[in-house]
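The values are calculated or read from the model by the stated rules, or taken from the named source; none is laboratory data. Since the model is a prediction, treat every value here as computed from it, not as a measurement. A quick note on method: Cβ atoms are made from the backbone with ideal geometry, for glycine too, and the neighbour counts reach across all protein chains shown.
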Amino acid sequence: MNRYRREIAAAAALAALLATVALIAPSFFSPANARDLALNNAPALIVATGMTFVILTGQIDISVGSQFAVASITAGVLAKAGLPMPAVAAAVVICGCAMGAVNGVLVARWRIPSIVATLAMMVVLRDALRWATEGAWVQNLPRNFQWFGLGQTAGGFIIVLAALLIFAASIFLLGRVAAGRAVYAVGASSEAARLAGIDPRRVTFGVFVWMGALTALAAFVNAARFAEVPGNAGVGLELKAIAAVVVGGTAITGGRGTLAGTLAGAALLAVIGPALAFLGVNPYWEKALQGAIILAALLSEIALGRMQRHAQFASR
Amino acid sequence: MTDNPLLHAAGLSKAFAGVQALDGASFELRSGEVHALVGENGAGKSTLIRIITGAIEADEGSILLDGETLSHLTPQEARRRGIAAIYQQPQIFPELSAAENIALGCERGGLWRLIDRSARRRRAGQLLERIGARFSPDAIASDLTMPEQQLLEIARAIGADARLLIMDEPTASLTEADVENLFRVIGELRDGGAGVIYISHRLEELPVIADRVTVLRDGRTIATRAMPEIDRRELIRLMVGRELSAVFPKREIEPGVTALELRGAGCTTSGVSDVTLELRAGEILGLAGLVGAGRTELARMIFGLTPADEGEIRVHGEGVRIESPADAIRLGIAYVPEDRRRHGVIAELPVRANTTLAALDEFSRYGFLDLGRERDTAAEYVARLGIKTASVDAEAATLSGGNQQKVALGRWLATKPAVLILDEPTQGIDIGAKAEIHRLMGDLAAEGMAILMISSEMPEILGMSDRIAVMRGGRIVGLFDRAEATPERVLELALKE
């Protein structure tokens, strides 16, 4: 139980928030509102899932917002060129893998600190896209683009289902596949992992590719919610994803954390804005409160770290 | 020389995690003398030095400087009182100039004081000239050679008006000419009234430079003699002179086939060269030598961490190339590293994940981890190795040092290795756990495992090994059978120039 304190804290905060809303503004729990919330946040959950892998490895990827924009435009352009939607999806994922692979090479092979490497990628991708599209949106998309041509109800269902499937597959990958174990090992101590026969460079590279693939998928399902693709999608997405992971209890230094925590963190940050609106609080408070939650999560990590060190000393 | 010693340390004791590093040691240093400090690896020299420089505090005992008791000595306080230490690896700021390095060591005052650059340069120039250094105060420290960096450190110490200078193996990486210059500088410092504590494994230097010598062994002071009154043989006898206790459960095992063979193998980057060695199934081969002799480097070469680039490695008679730990594991080689807290186990992972980490492929079916089998295997090793843990799900961080070492060992036994390399397997763990690990090593050898054991503890080397290889300077300089090995012979070879 002790090991999941941080995840439990995030879940408890979410539960407390929902309970407050249930008491004061029960209309928050209308099916329509719930569906909107799920649909609006499904793409961000997919990105936060990938970000959990990156942070567990002890790295960070702040280029996901720009990757998201590039993947969105790619989806729009390919669909407009007449590709069927499954082919568009595949092409977009390949595009995401390629962007992730560039990050992976920069960090794993050339040993550039990930915050610097992905900062460069963030700027390069965003501005390359601006240059290529000249700020224009992709319009006049074929009818099978929005909601995959299935209408809002079925299309929305597919989007949420896709997010949940990706999330479930990721839990399996992290907990039940050797590669997932390697992610934890490398994040906890890269040298110790190397001495156990794991190649930290391969793991780090793989994690960035995985991040790129998930970001692209998120961009694809997000784009399908609209009739046009904007050229500036995903601004601030990296912060949203990192915040969800950190609030969910994953150690920013790597090696410790769970996807369940990320789900709780993402849900907490997703719900807080709309919940405040239902509670009649000035929406200007939303960002401040989100910031306070992130700070609380980080401070509790420091406090827990101290407590653990004390416990270790005591047991010796 | 005066009667009142410059430094008088008495009854110093210090334990680390239950291991007694110093056990009532005493030491005396006069002004105007060079006092050599010798002892085997782990005799307590570094601990004594760290106490004198204020880096750590003794559990018991007292230190008197000029007859005044120093209590709760901090590094700042030690520096203020003129105590300076120079280590084998120079502790300098590589990006700064020589003048800046010297200034950082000896200027006093707050962080907001104004800096007079030309005064810094002038003084650095004078100090460097005084000790015969031939580089400019403007030289960037990282551009200097190792001996020049050492001279820079000495200049810094003199600039700080050090009266008590500690030199830890200062000549280990110097050429003859550099050593001569260093000795001249040390001689001048002594004549100027400073006291110098000189630590060296090069016993033949001591008559040249030292006035007196103190021998430490097992954390105790064994003897202090005037240097002219003692010869090399006597020194070595004092350093090792201890009874080999019968605590080692040595078992007679008929060695089997050759499991690992090195022929002239070496690795240029890590300084291992021309190693020829044969390791047979059921045999424990002890690797003796001083710290820095290249024993860990040899282990890392065999394990593919710094791949061999010369000679030949054979596993079960077949020539192999080991380019990575994964290659080594595939060939049935396991390596339990020295620094287990950092490298042996992964503190954040539970015991079961630590157990299977080196054999994840073994525990996967169709790409999926078999968590049930992982749990069973971990429980099996917990029982077999007597690991004290709340459960196999407990994080390794919650275990004691000895139990972490057993988990690290369990991880490698789970790979079912033919060759097991143990690097300081019992360093820093308590007596009970130590005996258990020794007993286990005997069991494993009896099962036909070939074991290469690196140890800095002479009794462990002599007690556990069937054969003993002695390393110095990245080479194997001698090989003894169990019957012909004595502490004196092993140490003599390890020390020889």
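Structure data summary
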| item | result |
| --- | --- |
| The listed residue being within 14 Å of chain B (Cβ to nearest Cβ), touching a residue at least 24 places away in the same chain (Cβ under 8 Å) and polar (S, T, N, Q), out of A:57, A:20, A:52 | A:57 |
| Identity of the residue in the stretch B:331-368, aromatic (Phe, Trp, Tyr) and part of a strand (DSSP E or B), that ends up nearest to residue A:183 (Cα to Cα) | B:368 |
| Qualifying residue in the stretch B:208-228 (condition: within 30 Å of residue B:108 (Cβ to Cβ) and at pLDDT 90 or above) | no |
| Cβ pairs under 6 Å, 6+ apart, first in the stretch B:64-76 and surrounded by 14 or more Cβ atoms within 10 Å (Cβ to Cβ), second assigned to a strand (DSSP E or B) | B:64/B:8; B:65/B:7; B:70/B:63 |
| Selected residue [more than 20 Å from the chain's Cα centre (by Cα), surrounded by fewer than 16 Cβ atoms within 10 Å (Cβ to Cβ) and away from every other protein chain (no Cβ under 14 Å)] from B:24, B:61 | B:24 |
| Residues satisfying the stated conditions in the stretch B:122-174, i.e. part of a strand (DSSP E or B) and within 24 Å of residue B:28 (Cβ to Cβ) | B:164, B:165, B:166, B:167, B:168 |
| Residue A:177 vs. criteria free of Cβ contacts under 8 Å to residues at least 60 places away in the same chain, within 14 Å of chain B (Cβ to nearest Cβ) and in contact with a Phe, Trp or Tyr (Cβ under 8 Å, 6 or more places away or on another chain) | yes |
| Qualifying residue in the stretch B:224-242 (condition: in a strand (DSSP E or B), in contact (Cβ under 8 Å) with a residue 40 or more places away in the chain, crowded, with 17+ Cβ neighbours inside 10 Å and out of contact with any Ser or Thr (no Cβ under 8 Å at 6 or more places or on another chain)) | no |
| Whichever residue in the stretch B:301-330 is touching a residue at least 40 places away in the same chain (Cβ under 8 Å) and not in a strand (DSSP E or B) and, among such residues, is farthest from the other protein chains (Cβ to nearest Cβ) | B:317 |
| Qualifying residue in the stretch B:95-118 (condition: in a helix (DSSP H, G or I), basic (Lys, Arg) and farther than 25 Å from residue B:184 by Cβ) | yes |
| Close pairs from the stretch B:1-17: first within 21 Å of residue B:223 (Cβ to Cβ) and among the hydroxyl-bearing types (Ser, Thr, Tyr), partner at pLDDT 90 or above and in a strand (DSSP E or B), Cβ under 6 Å, at least 6 apart | B:13/B:22; B:13/B:23; B:13/B:24; B:13/B:60; B:13/B:61 |
| Matching residues, the stretch A:140-172, being in contact (Cβ under 8 Å) with a residue 12 or more places away in the chain and at positive phi | A:140, A:147, A:148, A:149 |
| Those residues of the stretch A:186-212 which are of a type in the set (A, V, I, L, M), crowded, with 24+ Cβ neighbours inside 10 Å and under 17 Å from the mean Cα position of the chain (by Cα), in sequence order | A:207, A:211 |
| Those residues of the stretch B:278-307 which are among the hydrophobic types (A, V, I, L, M, F, W, C) and over 23 Å from the mean Cα position of the chain (by Cα), in sequence order | B:279, B:281 |
| Single residue of B:356, B:306 found to be of a type in the set (Ser, Thr, Tyr), out of contact with any strand residue (DSSP E or B) (no Cβ under 6 Å at 6 or more places or on another chain) and within 18 Å of residue A:198 (Cβ to Cβ) | B:356 |
| Count of the stretch B:175-195 residues which are surrounded by fewer than 18 Cβ atoms within 10 Å (Cβ to Cβ) and either not assigned by TED's automatic domain parsing to the domain that holds residue B:210 or not in a helix (DSSP H, G or I) (or both) | 3 |
| Options B:141, B:119, B:160, B:124; residue that is surrounded by 14 or more Cβ atoms within 10 Å (Cβ to Cβ), without any contact (Cβ under 8 Å) to a residue 40 or more places away in the chain, more than 25 Å from residue B:207 (Cβ to Cβ) and not assigned by TED's automatic domain parsing to the domain that holds residue B:292 | B:124 |
| Filter result (crowded, with 16+ Cβ neighbours inside 10 Å and either more than 7 Å from chain A (Cβ to nearest Cβ) or of a type in the set (Lys, Arg) (or both)) within the stretch B:363-375 | B:363, B:370, B:374, B:375 |
| Filter result (facing chain B (nearest Cβ under 10 Å) and among the hydroxyl-bearing types (Ser, Thr, Tyr)) within the stretch A:180-230 | A:184, A:189 |
| In the stretch B:344-360, residue nearest to the chain's Cα centre (by Cα) [restricted to those that are facing chain A (nearest Cβ under 7 Å) and more than 12 Å from residue B:396 (Cβ to Cβ)] | B:358 |
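For every residue, the table says whether it meets (1) without any contact (Cβ under 8 Å) to a residue 60 or more places away in the chain; (2) under 13 Å from the mean Cα position of the chain (by Cα).
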residue	(1), (2)
A:242	no, yes
A:245	no, yes
A:257	no, no
A:262	no, yes
A:276	yes, no
A:279	no, no
A:283	yes, no
A:295	yes, no
A:304	no, no
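Listed here are the residues, each with its yes/no results for (1) in contact with a Leu (Cβ under 7 Å, 6 or more places away or on another chain); (2) among the aliphatic types (A, V, I, L, M).
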position: B:433; (1), (2): no, yes
position: B:445; (1), (2): no, yes
position: B:454; (1), (2): yes, yes
position: B:457; (1), (2): no, no
